[in-house]
Amino acid sequence: MTSAQLEIQLIGAIVAIACAIPGTFLVLRKMAMISDAISHSILPGIVLGFFITQDLNSPLLILLAALTGVITVILVEFIQKTGLVKEDTAIGLVFPALFSIGVILIAKNANDVHLDIDAVLLGELAFAPFDRLVVDGMDIGPKSLWVIGSILLITLTLLLLFFKELKLSTFDKGLAATLGFSPAILHYGLMTISSVTVVGAFDAVGAVLVVALIIAPAATAYLLTDNLKHMLFLSCCFGIFAAIAGYWLANVLDASIAGSMSTVLGIVFLLVYLFAPKQGVFSVFFKERQQRKEVSLLVFLLHLQNHQEAEERHVNHLREHINWQKVQAKTVLELASKNNLIYISDNIVSLTDKGQEFTDEALLYITTNKVTAIEELKERFFLFRG
Amino acid sequence: MKDRLPAIRIDDLTVAYDYKPVLWDIDLIIPEGVLMAIVGPNGAGKSTLIKSILGIIKPIAGSVQVFGQPYKKQVDKVAYVPQKGSVDWDFPTTALDVVMMGTYGSLGWIKRPGQKEKKLALEALEKVGMLEFKNRQISQLSGGQQQRIFLARALVQNAAIYLMDEPFQGVDATTEKAIINILKELRKAGKTLIVVHHDLQTVPEYFDWVTFLNVKGIASGPVKDIFNDDNLTKTYGINYKVAVNQ
Ligand SMILES: Nc1ncnc2c1ncn2[C@@H]1O[C@H](COP(=O)(O)OP(=O)(O)OP(=O)(O)O)[C@@H](O)[C@H]1O
Ligand SMILES: [Mg+2]
């Protein structure tokens, strides 16, 4: 690996983390689309900033452009508050307006602005290592690494300081307000950081693809955990993975790096969506099937316990009595005997001691409304699950 | 006792959402240490009254004082259990975590909850009988269980005044008894409790103070003095006959 290759991956990974952190909160606040609005409407800010500073990485340009982002949010909220349109409509009204101002500004000044729309929209990570930061004649690394690194540092500091406040105001605005944590301050703080991050990242990954880096890792992590800290951590991991895997994919395909990163993000999301252990499409399907079988088993055991008479416990009678189809009756019978809960002699089914014990306990939990304890009961008694 | 400040003092409060006032010229004094029911028909403005005490809604006229000062200066003295937790139920957080949020107010900005806060939260969960659900993601709780989590969260706020908007909504009879016992205990400890309540039958049994509200304040005072058919009729409009056995 050359040092340029290493630098590209490093920048990609840092951009990904810097995006994943505010992204997690935006996704939880159901504001993912606002990042799309910000990413487009910062264009006029970038162009104006570029007129003034002539340097895409200047802090002044970043602040100016981020300001455009915050103004977007304010405008969207203002339009929304009139009550005439919904939030998505308000977003759709604001950002094309600002974006087109940016496009016109670039077109009108095409001669003296070395800034083309493609670069703004798609970014070019591959060129990042060529724009070096030189201090006192010494080369201290690519400029964009410093820019996005500083932004990440600020984001991380703010996250560590205000994690509790952000969590509370995202979860329950009302309580945050009554406890004295102004939701407005936290909201606009988050919007400012998001805008700054988008501006800092657009140079590397472009204003459009930065949205993927903000939303996709958080949305993927959301499928995997019930813990906000884990969600943040996982978002960052997915982001880093996409940055590095995306780089090598681009290398193999000879394609845009940012495009490949987004593709990787999309694939990862799809895989998690399908295979996530708890909420994934497949596991939900299998778990439901297992649950259905195990509930049938429980019904069956309770029936056995209720009826001492032999004719009620005859294999054939069970089938018609509990109204099960042959296959279902067979799987339930099998599951019960595999777990040593029943024994069959002369086609009469009886509970074993273990089966008796299990049924008694389960019944107790059902009647005392502690159904959750049954799951744990199954863990103790079952050798095989449904 | 005469010279003690009332827990809440409301003067000439008028609140409107659009143009139509939903609360009209309310004067109300709630003494410290009462367990008070607010009763009134749907849309009477009960939730609105509570929200204006909390400053969530800005009144168009009048003032609210909490122990003689504006609410803003007494934030830490007031705990609130909303009518329908307007929270994001799919948020990645557990019952325990939600209850711990009640301690954030006393922590203030930046400082993080530690062992002490966790212990408080666990105790509160125990009190409302939800300890075994502490690690559940909150959307996987039943409505009544969610209600109890919010009650536990209010308990850890360790406030002087508790505002509860229909805490018995959707909870079973056993839980209702458990909650009212907690509330009575809190009152014994000197807290002031203000509870929006719909079940008129249980008012005399549960509460010692009552406020009748229907856009205007109808009456407010000790249950044994003012909880009668006359005030009920004024509040609910129809001729009201409630068997009040005292
Ligand atoms: N956000 C709002 N915007 C406009 N009007 C509102 C709003 N919230 C409540 N209202 C109106 O204000 C009036 C009082 O509402 P409020 O929620 O205070 O009633 P309530 O006494 O709590 O009723 P309930 O017993 O149904 O909870 C109602 O007529 C209601 O329609
Ligand atoms: Mg209400």
Conditions (1) assigned to a helix (DSSP H, G or I); (2) of a type in the set (Lys, Arg); (3) more than 10 Å from chain A (Cβ to nearest Cβ); number of the one not met by B:Lys72: (3)
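Could you list all residues from the stretch B:83-100 that are within 16 Å of ligand 1 (Cβ to nearest atom) and closer than 20 Å to B:Val128 by Cα? Even if it seems obvious, please write down each step before you answer.
Within the stretch B:83-100, the subset within 16 Å of ligand 1 (Cβ to nearest atom) is B:83-86.
Once the filter is applied, which keeps residues that are within 16 Å of ligand 1 (Cβ to nearest atom) and closer than 20 Å to B:Val128 by Cα, the stretch B:83-100 yields B:Gln83, B:Lys84, B:Gly85.
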Residue in the stretch A:211-227 that is within 14 Å of chain B (Cβ to nearest Cβ), touching a strand residue (DSSP E or B) at 6+ places or on another chain (Cβ under 7 Å) and surrounded by fewer than 22 Cβ atoms within 10 Å (Cβ to Cβ) present: yes
Residue in the stretch B:6-16 that is away from ligand 2 (no atom under 16 Å from the Cβ), over 16 Å from the mean Cα position of the chain (by Cα), buried (at least 17 other Cβ atoms within 10 Å of the Cβ) and at pLDDT below 90 present: no
Lone qualifier among B:Gly143, B:Gly114, B:Gly108 - being of a type in the set (Gly, Ala, Ser), farther than 26 Å from B:Lys51 by Cα and surrounded by fewer than 18 Cβ atoms within 10 Å (Cβ to Cβ): B:Gly114
The stretch B:90-105, subset in contact with a strand residue (DSSP E or B) (Cβ under 9 Å, 6 or more places away or on another chain) and not β-branched (Val, Ile, Thr), residue surrounded by the fewest Cβ atoms within 10 Å (Cβ to Cβ): B:Asp90
In the stretch B:26-45, residue surrounded by the fewest Cβ atoms within 10 Å (Cβ to Cβ) [restricted to those that are among the hydrophobic types (A, V, I, L, M, F, W, C) and within 15 Å of ligand 2 (Cβ to nearest atom)]: B:Ala44
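Take the residues in the stretch B:172-200 that are assigned to a loop (DSSP other than H, G, I, E, B) and away from ligand 1 (no atom under 16 Å from the Cβ), then tell me which one is nearest to the other protein chains (Cβ to nearest Cβ).
B:Asp172
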Residue in the stretch A:167-179 that is more than 11 Å from every other protein chain (Cβ to nearest Cβ) and in a helix (DSSP H, G or I) present: no
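For the stretch B:84-96, what are the residues that are more than 8 Å from every other protein chain (Cβ to nearest Cβ) and closer than 18 Å to A:Thr225 by Cβ? Outline the logic, then answer.
Keep residues of the stretch B:84-96 that are more than 8 Å from every other protein chain (Cβ to nearest Cβ), which gives B:84, B:89-90, B:95-96.
Selection gives B:Trp89, B:Asp90, B:Ala95, B:Leu96.
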The lone exception for B:Gln169 - which of (1) assigned to a loop (DSSP other than H, G, I, E, B); (2) within 16 Å of ligand 2 (Cβ to nearest atom); (3) surrounded by 17 or more Cβ atoms within 10 Å (Cβ to Cβ) it fails: (3)
Residue match in the stretch A:19-42 (condition: among the acidic types (Asp, Glu) and not in a helix (DSSP H, G or I)): no
Residue check, B:Val99 touching a helix residue (DSSP H, G or I) at 6+ places or on another chain (Cβ under 9 Å) and at pLDDT 95 or above: yes
Tally of residues being under 16 Å from B:Thr211 (Cβ atoms), of a type in the set (D, E, K, R) and away from ligand 1 (no atom under 15 Å from the Cβ) across the stretch B:30-82: 1
Residue that is away from chain B (no Cβ under 14 Å) and crowded, with 24+ Cβ neighbours inside 10 Å, where the choices are A:Ile154, A:Ile148, A:Ile193: A:Ile148
One residue from B:Thr211, B:Thr192, B:Thr202 being modelled with pLDDT of 90 or more, within 16 Å of ligand 2 (Cβ to nearest atom), under 20 Å from the mean Cα position of the chain (by Cα) and hydroxyl-bearing (Ser, Thr, Tyr): B:Thr211
Some residue of the stretch B:122-140 being aliphatic (A, V, I, L, M) and within 11 Å of another protein chain (Cβ to nearest Cβ): yes
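Which members of the stretch B:48-63 meet the condition of being more than 12 Å from every other protein chain (Cβ to nearest Cβ) and within 13 Å of ligand 2 (Cβ to nearest atom)? Even if it seems obvious, please write down each step before you answer.
Here is the first cut: in the stretch B:48-63, the ones more than 12 Å from every other protein chain (Cβ to nearest Cβ) are B:48-49, B:52, B:58-63.
B:Thr48, B:Leu49, B:Ser52 - these are the residues of the stretch B:48-63 that are more than 12 Å from every other protein chain (Cβ to nearest Cβ) and within 13 Å of ligand 2 (Cβ to nearest atom).
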Search result, residues across the stretch B:1-42 that are closer than 27 Å to B:Thr202 by Cβ, assigned to a loop (DSSP other than H, G, I, E, B) and in contact (Cβ under 8 Å) with a residue 12 or more places away in the chain: B:Pro6, B:Ala7, B:Pro31, B:Glu32, B:Gly33, B:Val34, B:Gly40, B:Pro41
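Which ranges mark the helices (runs of 4 or more DSSP H) fully within the stretch B:81-149 that have 1 or more residues being among the charged types (D, E, K, R)? Working first, answer last.
Details: elements: B:95-100, B:104-107, B:115-127.
Filter on the stretch B:81-149 gives B:95-100, B:115-127.
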Extreme residue, farthest from B:Met100 (Cα to Cα), among residues of the stretch B:141-161 that are in contact with a Lys or Arg (Cβ under 7 Å, 6 or more places away or on another chain) and within 12 Å of another protein chain (Cβ to nearest Cβ): B:Ile161
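Within the stretch B:64-91, take every residue that is of a type in the set (D, E, K, R) and over 16 Å from B:Val196 (Cβ atoms) and give me the one that is farthest from ligand 2 (Cβ to nearest atom). Step through it out loud before you land on a result.
Pass one, the stretch B:64-91, residues of a type in the set (D, E, K, R): B:72-73, B:76-77, B:84, B:88, B:90.
Imposing the further condition that a residue be over 16 Å from B:Val196 (Cβ atoms) reduces the set to B:72-73, B:76-77, B:88, B:90.
Working: B:Lys72: 23, B:Lys73: 26, B:Asp76: 25, B:Lys77: 23, B:Asp88: 21, B:Asp90: 24 Å.
The selected residue is B:Lys73.
The values are calculated or read from the model by the stated rules, or taken from the named source; none is laboratory data. None of the values given here were measured: they were computed from a predicted structure. Using ideal geometry, Cβ is built from the backbone for each residue, glycine included, and neighbour counts are taken over all protein chains shown.
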